[in-house]
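Contents: one structure, followed by commentary.
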Amino acid sequence: MRTAIVAPKLVMRTVLAGMAVASLVAGCSPTKDGTPTTASGTPTNDGKNLFNPCTGLSDAALQATKVDPASKTVVTDPPTGGVVARICRWDSIEGPYGVTVSSLTYTLADLRKNDRVTVVRDVQIGSRSGLISLDKADQDKLRCNISLPASQGMVEVAVGWDYSERASLPQAPPCDLDVRHAQELEPFLPK
């Protein structure tokens, strides 16, 4: 019986994480001769050396931000070739939400041009100037994204409330909570 209760939550979490990435990728990935390009038409990073949060974040880093390393859900992690995104999600041990870390070949400039997201404000996380954004498709405001520059493009830390808990949420969107997680994870993310 527990599996029936957990499975819909896991599906909704994965759907919300996938929506955020799909919004970014769809808004930034036209192709030219089969090669992905950014909205400006400049070829993106080929993704061959793209940081992998699924394997690159240690258990100690995950525990420092109070997520359960054993709860890892791989959203996307293609095994070979050039990729535009690698994404994993972990359950918080503090409440009904998850923390997703995305590694992307897209840049903050690409994010600003994406008409599927709303850039809320600039944010300083460690030594990096980043952006806080919301996915326009997230009508319940269950998710907040913090995008930070990286040599590969950008990395993103997102916090998403469990859909089933939306009626009793302490804050929506969870951007203040996301800032805390981004600050805790920033030293472990590629520069």
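Values in this text are rule-based calculations from the coordinates and carry no lab data. From a predicted model like this one, the values you see are computed outputs, not experimental measurements. Here the Cβ is made from the backbone with ideal geometry for all residues, glycine too, and neighbour counts use every protein chain on show.
Taking label positions 7 Å along the Cα-Cβ direction at both S127 and N49, the computed distance is 1.8 nm, reported to one decimal. Projected onto their three principal axes, the Cα atoms of segment 54-128 cover extents of 36, 33, 25 Å, largest first. Note that segment 94-107 has calculated 3J(HN,Hα) couplings of 9, x, x, 8, x, 10, 10, 10, 10, 10, 10, 7, 6, 10 Hz, one per residue in order, obtained from phi through the Karplus relation 6.51 cos²θ - 1.76 cosθ + 1.60 (θ = phi - 60°); glycine and proline are x. Close amide H partners of D162, meaning residues 5 or more places away or on another chain with modelled amide H under 5 Å apart, are Y97, G98. Placing pseudo-labels 7 Å out from each Cα toward the beta carbon at S151 and K72 gives an inter-label distance of 2.3 nm.
Modelled spin-label separation between Q183 and D59, with each label point placed 7 Å from Cα along the Cα-to-Cβ direction: 2.8 nm. Close amide H contacts of K136 (hydrogens built in the peptide plane, cut-off under 5 Å, sequence separation of 5 or more or a different chain): V117, T118.
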